[in-house]
Amino acid sequence: MRKPWASFSAMIPPSKSLTCCWPECEKGGVHIRLRSEIISVERDDEGYTLQLNGETVAAKKLVVASGGLSMPGLGASPFGYKLAEQFGLKVLPTRAGLVAVYLA
């Protein structure tokens, strides 16, 4: 039976993906925030200050995983693109990049 990639990837819950990375994140002192709305991000010589829904967080480095515009049904938004532009990063125009992949 052939299955499109989207169906295959849906079989691996995000919690399992995170479980694989968790030990290395702990070793590196990484703090992961799930289901946190970022209200604002400011940058200074010390790193970043994030205003989240209900708390302020300081960080030396920042990784934002906000999904891509191709999957709005999964809650993806242009937030990551806007944040990149806020800090002067060049954002290329988006274009279709997902194609069906079938596993035999």
>> Restricting to the stretch 36-80, count the residues that are over 17 Å from Arg95 (Cα atoms) and more than 13 Å from the chain's Cα centre (by Cα).
In response: 24
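Out of the residues in the stretch 42-83 that are part of a loop (DSSP other than H, G, I, E, B) and in contact with a strand residue (DSSP E or B) (Cβ under 6 Å, 6 or more places away or on another chain), which is surrounded by the most Cβ atoms within 10 Å (Cβ to Cβ)? Talk me through it step by step, then tell me what you get.
Within the stretch 42-83, the subset part of a loop (DSSP other than H, G, I, E, B) is 45-46, 53-55, 60-71, 75-78.
Subsequent filtering for residues that are in contact with a strand residue (DSSP E or B) (Cβ under 6 Å, 6 or more places away or on another chain) retains 60, 62.
Values: Lys60: 8, Leu62: 14.
Ranking the qualifying residues of the stretch 42-83, first place goes to Leu62.
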> Would you call Val91 at pLDDT below 90, β-branched (Val, Ile, Thr) and exposed (fewer than 10 other Cβ atoms within 10 Å of the Cβ)?
Replying inline: no
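The values are calculated or read from the model by the stated rules, or taken from the named source; none is laboratory data. Note that this is a predicted model, so its numbers are computed, not measured. Reconstructed Cβ throughout: ideal geometry from the backbone, glycine too, with neighbour counts over all protein chains shown.
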